[in-house]
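Visitor: The following block contains the structure, expressed as structure tokens.
The values are calculated or read from the model by the stated rules, or taken from the named source; none is laboratory data. None of the values given here were measured: they were computed from a predicted structure. Don't worry about glycine lacking a Cβ; one is built from the backbone with ideal geometry, like all the others, and counts go over all protein chains shown.
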Amino acid sequence: MLYLLDANVLIDAHRDYYSIDRVPEFWDWLKHQGTRGNVKIPVEVYEEIKQGKDDIAKWAKQDHVKRVLLFEEEADVTLVSRVVDEGYGSDLSDDEVEKLGRDPFLIAYAFADPGERCVVTTEVSKPKRQRANRHLPDVCKDLGIQSCDTFALTRELNFRTSWKII
């Protein structure tokens, strides 16, 4: 299974529970999983992350991080269009399309091989939301694409720290 990360996975992990300076094992583990081909960041998501001026942006800009985690596949524009039309609405306004950001690209990468790819996001299902306000898990579900959160990813790929009482 290839896990494709949404930007919020990295942002929320650093801010809320796996701060780069306090739990460096998580960030090393992500790089290791990237090397193994289990975890990747689509270029559209990577571009969003590296624009920041915070620790996540600095981390993402490191050559080694980019080399092992960047998903090099090019987005299939036909699949991106299908994601927008079938997942959000075929008659979205320009403002609504802009609001979607890079989500349709992330989903389209998983849509290219739905049995072998999973979208990882911290967004939670909100099935009553419509059009450009839909959350990733709901769009993925409707399109037959697997999605999970950060904690499911860490369980599935067996993340552990090496902390011990001294």
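Visitor: Considering each residue of region 9-28, count those that are in a helix (DSSP H, G or I) and either under 15 Å from the mean Cα position of the chain (by Cα) or closer than 22 Å to E123 by Cβ (or both), and give that number.
Guide: Going through region 9-28 one residue at a time, the tally reaches 11.
Visitor: Which of the residues spanning region 43-63 are closer than 14 Å to H14 by Cα and part of a helix (DSSP H, G or I)?
Guide: Once the filter is applied, which keeps residues that are closer than 14 Å to H14 by Cα and part of a helix (DSSP H, G or I), region 43-63 yields I49, D55, I56, A57, K58, W59, A60.
Visitor: List the pairs whose first member sits in region 108-119 and is at negative phi, whose second member is β-branched (V, I, T) and surrounded by 14 or more Cβ atoms within 10 Å (Cβ to Cβ), and whose Cβ atoms are under 6 Å apart, counting only residues at least 6 apart or on separate chains?
Guide: From residues that are at negative phi, the pairs are A108/V80; A108/V83; A110/V119; A110/I145; F111/I145; P114/I145.
Visitor: Can you find a residue that is buried (at least 16 other Cβ atoms within 10 Å of the Cβ), within 16 Å of L157 (Cα to Cα), touching a residue at least 24 places away in the same chain (Cβ under 8 Å) and β-branched (V, I, T) anywhere in region 7-18?
Guide: Yes - at least one qualifying residue is present in region 7-18.
Visitor: Let me ask something else. Would you be able to say whether some residue in region 106-119 is farther than 24 Å from R36 by Cα and either modelled with pLDDT of 95 or more or under 17 Å from the mean Cα position of the chain (by Cα) (or both)?
Guide: Scanning region 106-119, I find no residue that is farther than 24 Å from R36 by Cα and either modelled with pLDDT of 95 or more or under 17 Å from the mean Cα position of the chain (by Cα) (or both), so the answer is no.
Visitor: How about region 91-133: which of its residues are touching a helix residue (DSSP H, G or I) at 6+ places or on another chain (Cβ under 7 Å), crowded, with 20+ Cβ neighbours inside 10 Å and of a type in the set (S, T, Y)?
Guide: Once the filter is applied, which keeps residues that are touching a helix residue (DSSP H, G or I) at 6+ places or on another chain (Cβ under 7 Å), crowded, with 20+ Cβ neighbours inside 10 Å and of a type in the set (S, T, Y), region 91-133 yields only T121.
Visitor: Looking for something more than 20 Å from I11 (Cα to Cα), outside any loop (DSSP other than H, G, I, E, B) and touching a Pro at 6+ places or on another chain (Cβ under 8 Å) - is there at least one such residue anywhere in region 101-119?
Guide: Checked region 101-119: at least one residue is more than 20 Å from I11 (Cα to Cα), outside any loop (DSSP other than H, G, I, E, B) and touching a Pro at 6+ places or on another chain (Cβ under 8 Å).
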